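Asker: Could you have a look at this structure, given as structure tokens, before my questions?
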Amino acid sequence: MHFYGHTRDVTGGTDFVTELPERSTVRDLLDRAVAHYGEKLRERLLTRSGALEANVQLFVGERQVLSPDEPLRDGLEAVGEVTIFVVSATAGG
Amino acid sequence: MGASVAGEDRWIPSTCGGCYSCCSLLVHRVNGTVVKIEGNPESATNRGRLCARGISGIMTLYNPNRVNVPLKRTNPRKGLDLDPGWVEITWEEALETVAARLKKIRQEDPRKLLLTGTVTTQDEVPFARLFAMAFGTPNGWNSGAGNHCGTAEHLLGAVYHASWSKQPDPDHCRYLLNFGSSVGAGSYYCVTGMAQRIADARLRGMRQVAIDPFLSISAEKADEWIPIRPGTDGAFALAMLHVLLHELGIYDRDYLEHHTNGPYLIGEDGLYLRDEQEQLPLIWDPIDGRAKPFSAPDIKAFALEGEYAVNGSKAKPAFSLLKEHLRPFTPEWAAPITSVPAGTIRRIAGEFGREARVGSTIVLDGKVLPYRPVAVMYFKGAQGHKNALLSCIALELLCEVVGASNVPGALLGMNACSLGYPETGNPKWVPKTDRDGLLVAAHWPTPPAPYPPREVKGAETIDLKGMIPTCPGSSGALPLVMADPERFKVPYKIEMNLHLGSNYVMTFANPEQVAEAFKDVFQVSFSLYLDESTYFSDIVLPAASYLERLSHMADWMASNAPVGEWCYHVRQPVTEPIGERRATCEVLLDLAERVGMRQELHACVNLMLQLKGPFALDPGRPYSWEEIVDRRYKALFGEAHGLEWFKEHGILKWPKKVEEVYWKPFSSARAPIYLEWLKRLGEEVQAMAQKLDLPLDTSAFLPLPEWRPCHPEQETANGHDLTAIYYKVPMQTFSGTYDNPWLDEACSIDRFAYHVAIHAETARRKGIQDGDWIEITSASTGATVRGRAALTEGIHPEVIAIAGCGGHWSKFLTVANREGRGVCFEWLMPVGLGNLDIPSLTQDQCVPVRVARSTSQPQA
């Protein structure tokens with residue numbers, strides 16, 4: 001899992017490695033990352049109702065995922081890399 | 001002469017950087033020296049035209065006051081007039097110093113880094129944002145435009161037009177109501193191209209009415225000028241809406257039913273009634289006599305008025321609530337507020353409503369489309385007030401109720417829909433629809449777009465946008481939060497500022513208060529000049545100007561005209577950088593390597609520039625700036641249209657399709673005439689403000705517009721009997737161009753560019769004659785500024801008007817710092833929550849002032 005953008009103050013770095021069982025969802029992965037980095041990461045990435053924040057872009061492999069309830073699969077294959085961008089929504093203007 | 005004949009003699013295509021309009025240039029270079037700049041006639045953007053700033057770019061390139069070597073300060077004390085004690089250093093020392101500081105901050109907390117930019121670095125700021133994003137900070141401020149940004153207007157650009165901003169349809173509009181914007185007159189977006197198009201429109205019969213406190217360069221080109229009291233545009237618009245709906249009965253029923261949330265049922269709590277199953281907003285179908293989800297396929301008709309019982313609750317359609325809400329806002333109500341006679345407001349409303357030609361159609365490219373040839377324009381003038389958002393909503397609703405929104409003749413989003421270059425389909429963006437059926441912009445220069453708003457999450461950033469996500473532009477709260485983050489519960493303090501050309505102490509508000517926020521920050525400036533804000537720099541890097549650098553984007557959605565052709569330009573160096581100047585983007589690539597953040601930068605560049613497949617940057621190796629720009633062009637326009645092609649040809653253009661320009665009839669997205677979501681958001685903001693114990697006035701988060709005065713009565717008492725306003729002139733871009741000698745000359749021969757406009761009768765009453773030095777004292781800051789009076793009948797009698805951002809004091813700007821070179825309006829404006837429109841974080845820009853003839857009158 002790679003984190004880019006406005007997460008470094010929470011994650012301290014870019015890469016997070018973990019193992020998940022078959023048929024896991026993006027939310028399972030996020031829960032694992034939150035357990036590691038703390039609730040601040042959940043606040044940064046998700047709304048209170050559990051949807052992805054408007055400034056978060058999440059990719060499972062090359063595929064952009066709009067809901068955390070989507071599977072960590074690209075077709076039949078489990079995907080090894082998930083990339084999260086927290087776009088600096090507040091920068092500039 | 002001989003050298004010219006025997007040596008090099010070339011015309012090189014490039015793009016202007018004198019403002020944000022991105023006009024295409026042809027630059028004449030003889031033996032390595034730029035001798036002339038002209039507009040490129042092949043460009044659909046500016047069609048060969050160029051303004052004074054574009055032509056005079058040559059004087060910015062060769063200005064002897066430019067920074068040519070890296071500098072470091074030796075004076076540890078910082079202040080507005082404290083000489084930094086510059087000494088020259090090498091690029092290596094400068095970059096190592098900067099990189100070491102960046103590494104330290106990134107290790108501690110990357111949010112301590114701030115990025116400040118401006119519109120004349122509008123090509124470099126987007127790449128610097130990627131640098132900041134990769135670094136891990138969310139903090140940025142387009143401060144050079146801070147006082148001048150159309151913040152609330154941009155929010156409603158997204159909400160109503162899926163675009164950063166908007167323009168009237170220059171091909172078909174027949175009646176343009178201009179509330180103080182500079183459209184078509186030498187400022188605003190697509191400046192020269194639209195100036196010509198608006199001139200052409202007037203020649204073919206378009207009537208233009210200017211509603212403006214000052215007979216400005218824009219207003220003087222109108223058929224009629226209506227002087228209005230500053231900050232009351234919203235009241236004028238509300239009265240017009242009253243006349244349209246209550247007196248004339250003019251509205252576009254079909255548009256309201258199918259392209260707005262006018263039929264949505266609003267419950268007694270002010271929120272949508274929703275269906276229990278999918279929670280979709282309900283409408284009332286009067287034929288079936290029951291409520292249905294707005295997107296139900298079996299809707300036979302939409303009720304726009306009436307009251308209905310749904311599941312035991314009473315509800316009314318949004319349009320019905322709007323109409324009821326407007327009942328008290330008669331022209332007689334607005335007249336004493338605006339100082340415009342009720343009869344005039346009524347007449348303008350009638351002209352506007354009748355010229356909208358509701359029900360008429362036009363055939364374009366074989367497609368039958370609604371024809372609504374009226375538009376309402378506004379920008380900083382109408383919205384730079386404490387009532388910014390509510391006034392802007394009222395102004396937008398004028399077009400919405402008559403259906404004059406993104407259809408032929410009407411108000412158009414600036415390129416809200418792009419179907420892409422025919423050979424590649426890129427770049428592509430098409431307005432979208434959210435779950436409630438409302439319009440969502442598909443493209444936004446600082447993503448994500450402000451609607452749907454982010455969840456309210458407290459003060460994560462130093463601009464308060466994390467807490468108030470409806471501010472899409474430059475936040476008026478940043479200096480406050482930056483100076484005292486603890487008060488706003490921000491858990492860190494800004495320690496470093498990457499400063500890209502913005503002159504924030506002169507372009508925001510009270511320079512002393514802004515300076516206080518920056519004086520303890522380690523500042524690295526990428527600078528053309530040693531302006532007032534570089535007095536606070538620790539390191540100054542000599543920046544290449546737009547004629548000396550390559551850009552990855554010499555174009556953006558608002559730089560193109562809304563009609564005609566798509567047109568993408570190259571910005572390439574037309575000469576080698578002079579001295580040791582370097583392009584900022586190249587320096588940022590260098591710094592990314594030194595800091596060790598290449599992987600993150602490449603990932604962010606690939607995402608935001610959409611570099612995919614063979615064009616994606618590999619984290620395993622560095623890239624030159626030329627390589628990145630080449631990949632951006634090829635990703636957009638195909639392998640054959642890389643950087644070398646653009647360097648040779650300059651521009652790539654193709655015709656816009658009808659469904660791109662007039663996209664609304666082709667879209668199912670609805671515009672909100674009742675901003676239910678804003679009401680809900682306001683409740684969230686209020687709850688968060690209470691939780692954080694912040695004194696925020698959240699009362700303007702309303703679903704329907706109303707009008708509120710800018711200043712309380714006590715501020716306007718005590719002899720502060722006039723209102724000072726700021727306006728733009730086409731000879732200058734904010735504060736960044738005042739050291740250009742040619743522009744100085746142009747301003748010197750204009751009566752108002754450097755002087756203070758005051759009504760002749762008001763001046764006579766105060767014993768002021770034309771050319772007299774006057775003293776202007778702010779009720780808000782107590783500061784006094786001096787300027788020379790320019791008497792005119794073309795200004796509201798209660799108003800003085802100050803142009804641009806003159807009044808420089810940096811000792812290194814020997815053209816701009818001379819006495820009489822304009823007035824720095826910002827000294828009159830306070831920094832404070834009390835001067836902000838909270839929903840948009842827009843500053844109020846009209847200031848109660850006391851004006852008197854100066855006792856000191858220098859000899860001419």
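The values are calculated or read from the model by the stated rules, or taken from the named source; none is laboratory data. This structure is a prediction, so every number in the text was calculated from the model and none was measured. Heads up, the Cβs are rebuilt from the backbone with ideal geometry, glycines too, and the neighbour counts pull from every protein chain shown.
Asker: Among the listed residues A:L29, A:L52, A:L41, which satisfies the condition of being over 28 Å from B:V595 (Cα atoms) and free of Cβ contacts under 8 Å to residues at least 40 places away in the same chain?
Answerer: Step by step, each of A:L29, A:L52, A:L41 is checked, and only A:L52 is over 28 Å from B:V595 (Cα atoms) and free of Cβ contacts under 8 Å to residues at least 40 places away in the same chain.
Asker: Is at least one residue of the range B:407-428 within 14 Å of chain A (Cβ to nearest Cβ) and surrounded by fewer than 22 Cβ atoms within 10 Å (Cβ to Cβ)?
Answerer: Within the range B:407-428 (the criterion being within 14 Å of chain A (Cβ to nearest Cβ) and surrounded by fewer than 22 Cβ atoms within 10 Å (Cβ to Cβ)), the answer is no, since none of the residues qualifies.
Asker: How about the range B:566-650: which helices (runs of 4 or more DSSP H) wholly inside it have at least 3 residues that are in the same structural domain as B:L541 (by TED's automatic domain parsing) and either free of Cβ contacts under 8 Å to residues at least 24 places away in the same chain or closer than 27 Å to B:T45 by Cα (or both)?
Answerer: Hits in the range B:566-650: B:598-608, B:625-637, B:643-649.
Asker: Here are A:E43, A:E70: which of them is surrounded by fewer than 19 Cβ atoms within 10 Å (Cβ to Cβ) and within 15 Å of A:F85 (Cα to Cα)?
Answerer: A:E43
Asker: Could you grab me the full set of residues in the range B:435-451 that are more than 13 Å from every other protein chain (Cβ to nearest Cβ) and not hydrophobic (A, V, I, L, M, F, W, C)?
Answerer: Matches in the range B:435-451: B:D436, B:G437, B:H443.
Asker: Here's something else I'd like to know. Among the candidates B:K314, B:K323, B:K300, single out the residue that is part of a loop (DSSP other than H, G, I, E, B) and either at pLDDT 95 or above or surrounded by fewer than 23 Cβ atoms within 10 Å (Cβ to Cβ) (or both).
Answerer: Checking each option against the conditions leaves just B:K300.
Asker: Identify, from the list B:G117, B:G136, B:G157, the residue that is farther than 27 Å from B:L439 by Cα, surrounded by 24 or more Cβ atoms within 10 Å (Cβ to Cβ) and modelled with pLDDT of 95 or more.
Answerer: B:G136
Asker: Tell me which residues, restricted to the range B:135-166, are touching a His at 6+ places or on another chain (Cβ under 8 Å) and at the interface with another protein chain (Cβ under 9 Å from one of its Cβ atoms).
Answerer: Within the range B:135-166, B:G136, B:T137, B:P138 meet the criteria.
Asker: Scan the range B:71-129 for residues that are of a type in the set (D, E) and either more than 14 Å from chain A (Cβ to nearest Cβ) or touching a Pro at 6+ places or on another chain (Cβ under 6 Å) (or both) and report the count.
Answerer: Qualifying residue count, the range B:71-129: 6.
Asker: Related question: I'd like to check something: does the range B:336-355 contain any residue that is exposed (fewer than 14 other Cβ atoms within 10 Å of the Cβ) and either within 30 Å of the chain's Cα centre (by Cα) or at pLDDT below 95 (or both)?
Answerer: Scanning the range B:336-355, I find no residue that is exposed (fewer than 14 other Cβ atoms within 10 Å of the Cβ) and either within 30 Å of the chain's Cα centre (by Cα) or at pLDDT below 95 (or both), so the answer is no.
Asker: When the range B:564-580 is examined, which residues are found to be buried (at least 22 other Cβ atoms within 10 Å of the Cβ) and either in contact with a helix residue (DSSP H, G or I) (Cβ under 6 Å, 6 or more places away or on another chain) or charged (D, E, K, R) (or both)?
Answerer: Correct list: B:V570, B:R571, B:Q572.
Asker: If you don't mind, there's one more thing I want to ask. Report yes if B:Y272 is closer than 21 Å to B:R680 by Cα, surrounded by 22 or more Cβ atoms within 10 Å (Cβ to Cβ) and not polar (S, T, N, Q), otherwise no.
Answerer: For B:Y272, the condition - closer than 21 Å to B:R680 by Cα, surrounded by 22 or more Cβ atoms within 10 Å (Cβ to Cβ) and not polar (S, T, N, Q) - is met.
Asker: Now for a different question. B:E512 versus (1) at negative phi; (2) in contact with a Gly (Cβ under 7 Å, 6 or more places away or on another chain): which is the lone unmet condition?
Answerer: Result: B:E512 fails condition (2) only.
Asker: Quick one: in the range B:466-490, which of the residues that are at the interface with another protein chain (Cβ under 9 Å from one of its Cβ atoms) and in contact with a helix residue (DSSP H, G or I) (Cβ under 9 Å, 6 or more places away or on another chain) is nearest to B:Q690 (Cα to Cα)?
Answerer: So the residue we want is B:P469.
Asker: A further question follows. Among (1) among the charged types (D, E, K, R); (2) within 30 Å of B:M731 (Cα to Cα); (3) part of a loop (DSSP other than H, G, I, E, B), where does B:R53 come up short?
Answerer: Failing condition for B:R53: (3).
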